[in-house]
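These notes concern the structure reproduced below.
The values are calculated or read from the model by the stated rules, or taken from the named source; none is laboratory data. As the structure is a prediction and not an experimental result, all values here were calculated from the model. We place every Cβ from the backbone using ideal geometry, glycine too, and count neighbours over all the protein chains shown.
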Amino acid sequence: MVLNIPAAVGQWVRESLASLGYATRSFLNLLRLSPGAMRRPGLIAEQIHFLGNYSLVIIAVSGLFVGMVLGLQGYYTLSLYGAEMKLGQVVTLSLVRELGPVVTALLFAGRAGTSLTAQIGLMKATEQLSAIEMMAINPVQRVLAPRFWAGVIAMPVLAAVFSAVGVLGGYLVGVQLIGVDEGAFWSQMQAGVDVREDVVNGVIKSFVFGIAVTFTALFQGYEAKPTPEDVSRATTRTVVIASLLVWGLDFVLTALMFNK
């Protein structure tokens, strides 16, 4: 048994590299076929409504409560140093830089990502994708590409909604509930948040997360075996893999963007 451990590890590494290479080729093929999907913007708009609008409630409610918690905890911490007036800056930077893109991506993976995986998996199980191929239509271009770009477009918008509602939650707790000066809250936020360094970098993060989460969901659904059991397992893999990708990419992007 001990002698078989190196062989098992080597086989796992080889299979992981092969899966990574196959996923990379699939991603490049999706990008190659995307211009054809762009010629039918109605398909993308329909999927933006499906992915973005149906995720809006959970994103907004989560952002409100996250902002309220940040306002409460931030006030308790800043009050130890007599810096309560910095509450608006702390809440906004936390949301715009990190929590907005990351939490939105995780919620998006759990809400929209699982829906995409289940939808594509069921289309494959019921042979709808095979029927599309029989009509000489590429299912990647007709089915996957519009959903991919819809997710990429919807993610930054949802992250912006999350951050904006989160700032409102921090305002409600810090100013209306605790009693921090309203003028100081907004002025410190405006003075301490830079559009290019903070807001734009947060948008770039959410854009990258949108690519990772949406492609993971589509790839897992498209490659799932046409059985109910494997479709359910693919849905679970979507949440796990997408969440790990979001955390890993967040570390890399944070190290590159805010290393000054």
What do you reckon, is ARG40 surrounded by 10 or more Cβ atoms within 10 Å (Cβ to Cβ) and either without any contact (Cβ under 8 Å) to a residue 24 or more places away in the chain or farther than 14 Å from LEU144 by Cα (or both)? no
Considering only region 56-74, I want to know if a residue exists there that is of a type in the set (Ser, Thr, Tyr), crowded, with 20+ Cβ neighbours inside 10 Å and at pLDDT 85 or above. no
Search region 43-55 for residues being closer than 20 Å to VAL203 by Cβ and not polar (S, T, N, Q), and hand back the single one that is modelled with the lowest pLDDT. GLY52
Which residue out of GLY174, GLY170, GLY179 is more than 21 Å from SER206 (Cα to Cα), over 23 Å from the mean Cα position of the chain (by Cα) and crowded, with 24+ Cβ neighbours inside 10 Å? GLY174
Does region 108-119 contain at least one residue that is closer than 30 Å to ASP194 by Cα, touching a residue at least 40 places away in the same chain (Cβ under 8 Å) and touching a helix residue (DSSP H, G or I) at 6+ places or on another chain (Cβ under 9 Å)? yes
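Surrounded by fewer than 19 Cβ atoms within 10 Å (Cβ to Cβ) and within 16 Å of the chain's Cα centre (by Cα): which single residue out of LEU218, LEU244 fits that description?
On the way: LEU218 fails: surrounded by fewer than 19 Cβ atoms within 10 Å (Cβ to Cβ).
Going through LEU218, LEU244 in turn, the sole match is LEU244.
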